[in-house]
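Please read the structure below before turning to the comments.
The values are calculated or read from the model by the stated rules, or taken from the named source; none is laboratory data. What you see is a predicted model, and the numbers here were worked out from it, not measured in a lab. Here the Cβ is made from the backbone with ideal geometry for all residues, glycine too, and neighbour counts use every protein chain on show.
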Amino acid sequence: MKDLSAYWATRADWFSTDGREQSIKDYITLSNQLVWLRQASFLAATVLAAFYYDPVLIFMCYGVVVLTEALDMQLGRQSKAWDGKDPVEGRQILKRIARNTVISAIAIDVFIINMAVLQKSAGHFTPLFFLFSASVFAAIYNSQMKGILLLRLSIYSFAFLFIAFLDVVRYNPPLSSTVWLEFFTIIFVLYFIVDISIKFYVNYQERLKQMKLIEEENKRTKAALEAKSRFLATVSHELRTPLTSIIGSLELIDSEKLGVLPETLKPIVGIASRNGQRLAALIEDLLYIQKVEADEVVYNFKPVDANDLVYEAVESISGYANKLGIHVTVDPAEGDCHIIGDTSRLIQAMNNLLSNALKFSEEGATVNARVENCGARIRISIQDEGSGIPQDARDHVFGRFTQVDSSDVRKVGGTGLGLYITKQIVERHNASIDYVSTVGVGTTFFIELDRVTNVELESEFEPVSVKMTA
Ligand code: ADP
């Protein structure tokens, strides 16, 4: 009774799909990919054998092999829908793979054994070579599933042994005869096939293990990134509220509405206020990046006039420009210059470029914002006469938290996030951003966007909201 249950347990294990979904899928995928290669070899062998031996028998065997191929292809189509989760379906697929394997291996055995039997003289090179090729093919391409490979090779081994014994039984030759030499050679070849099958199987298992490790590592990295993002978002939020009230209080003190400030305190309040603003800007940038990474940024695309966009952006930074004593000019484009974009995001991008141009310029300098109509594209450039960007900084200017001069003696503040965010916004508009710069002479950043023609505008553009990820 005990023995019987152990037997059924092994049978159940044979068709258990636990943890073998990947192997089953790999097996079916590869088997389907190689169908024409297999068919070409079978057909070539069949035509050759039919010419020299019994064509009716040979083509009958070939017909059975083609039938199993058709069953395999059908199985491939059905198993595509299997997501690897339903074990019942998995077991059914496995059973059908085993059934197809048995049928096709037996058909090949019958085909080869018949050929060997029809050869009256010793030396079964052709059938043995076909069998050898079929076995090596199985060892290479069926290594995903030990059971299935074993099943096929066992059936082939039967044909190998049959041919090995065929002439020994038929002629009963002395040990010194070459019939025995052939017999031992076949045994040796059999051992070789078993050996390479084991090697291919072990290799496949190794690869599977490595893939699992990479997958797990990937999951861990994703989880760590998510935790980091959540942490940053929470901290940024928590910092924003008290910081707003600190900045407000400092501004109130600075305005002297609460009382006259002693002269000695004024510069200190000024420094505190400026640093508070800087911190607030960093928090805003961090929160924006978190939003992008959490897939929470919504873009509202609609037709926008590029001239209006630039005027609005310049207007919004005019206070800052006046404070720094920098003159900002605008050169609008001639003619129609509509683009499709999200106005507030594009202004955010342009503000980053304009505030950089102002930050890195000296008092009295000029910053120019220009819109140009370049055929199918609209080019918006922000040109300054500032410090310029060194040649070797090109690779990291658009990176996260990158500042070309991050030394303690750096004159202007910043987070190193402005250009990163700008690039994100520009790319979401299917546009490009680049710059030219000469140290000590100045920098020009330019964005190029697709121009929308009047005809396209007239064909009533439906505004679209798109969620964008980083
Ligand atoms: P930051 O907050 O430091 O301005 P950005 O990402 O906006 O960060 O810019 C990255 C770096 O690129 C800046 O720190 C600066 O060194 C350089 N940079 C950007 N724009 C200009 C410019 N117009 N002139 C000179 N350097 C610039």
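Brief remarks follow.
- Taken over the range 318-360, residues that are farther than 14 Å from F445 by Cβ, touching a residue at least 12 places away in the same chain (Cβ under 8 Å) and not polar (S, T, N, Q) amount to 22.
- Scanning the range 167-200 for residues that are surrounded by fewer than 12 Cβ atoms within 10 Å (Cβ to Cβ) and among the acidic types (D, E) turns up just one, D195.
- Test: S143 is surrounded by 14 or more Cβ atoms within 10 Å (Cβ to Cβ), on the phi < 0 side of the Ramachandran plot, at pLDDT 85 or above and polar (S, T, N, Q): no
- Test: Y435 is within 11 Å of the ligand (Cβ to nearest atom), modelled with pLDDT of 95 or more, within 31 Å of the chain's Cα centre (by Cα) and of a type outside the set (D, E, K, R): yes
- Meets criteria (surrounded by 15 or more Cβ atoms within 10 Å (Cβ to Cβ) and more than 37 Å from the chain's Cα centre (by Cα)) for E312: yes
- On inspection, L150 does not qualify as assigned to a helix (DSSP H, G or I), surrounded by fewer than 22 Cβ atoms within 10 Å (Cβ to Cβ) and in contact (Cβ under 8 Å) with a residue 12 or more places away in the chain.
- Odd one out for E334 among (1) crowded, with 17+ Cβ neighbours inside 10 Å; (2) within 29 Å of A357 (Cβ to Cβ): (1)
- Conditions (1) over 30 Å from R240 (Cα atoms); (2) under 42 Å from the mean Cα position of the chain (by Cα): number failed by H327: (2)
Here's the yes/no breakdown for (1) part of a helix (DSSP H, G or I); (2) surrounded by fewer than 15 Cβ atoms within 10 Å (Cβ to Cβ):
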{"residue": "D26", "(1), (2)": "yes, no"}
{"residue": "Q39", "(1), (2)": "yes, yes"}
{"residue": "V47", "(1), (2)": "yes, yes"}
{"residue": "L67", "(1), (2)": "yes, yes"}
{"residue": "R77", "(1), (2)": "yes, yes"}
{"residue": "A81", "(1), (2)": "no, yes"}
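- G388 vs. criteria outside any strand (DSSP E or B), near the ligand (Cβ under 8 Å from one of its atoms) and either among the charged types (D, E, K, R) or modelled with pLDDT of 90 or more (or both): yes
- Single residue of E238, E263, E251 found to be surrounded by fewer than 13 Cβ atoms within 10 Å (Cβ to Cβ) and in a helix (DSSP H, G or I): E238
- When residues of the range 99-134 are limited to those that are touching a residue at least 60 places away in the same chain (Cβ under 8 Å) and under 41 Å from the mean Cα position of the chain (by Cα), the one surrounded by the fewest Cβ atoms within 10 Å (Cβ to Cβ): S133
- Check on A321, in contact with a His (Cβ under 9 Å, 6 or more places away or on another chain) and within 16 Å of the ligand (Cβ to nearest atom): yes
- Looking at the range 266-378, the strands (runs of 3 or more DSSP E) lying wholly inside it that each contain 1 or more residues that are under 21 Å from N430 (Cα atoms) sit at 297-305, 338-341, 366-374.
- Within the range 86-98, the set of residues being more than 28 Å from V64 (Cβ to Cβ) and free of Cβ contacts under 8 Å to residues at least 24 places away in the same chain comprises D86, V88.
Results for (1) among the aromatic types (F, W, Y); (2) assigned by TED's automatic domain parsing to the domain that holds G418, shown as yes or no for each residue.
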| site | (1), (2) |
| --- | --- |
| V260 | no, no |
| K266 | no, no |
| S273 | no, no |
| G276 | no, no |
| K291 | no, no |
| F301 | yes, yes |
| D305 | no, yes |
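- Inter-residue pairs, beta-carbon under 6 Å, first farther than 14 Å from S157 by Cα and in the range 176-189, second not in a helix (DSSP H, G or I), 6+ apart: V179/A122; V179/P173
- Residues of the range 207-227 include at least one that is closer than 19 Å to A139 by Cα and free of Cβ contacts under 8 Å to residues at least 12 places away in the same chain.
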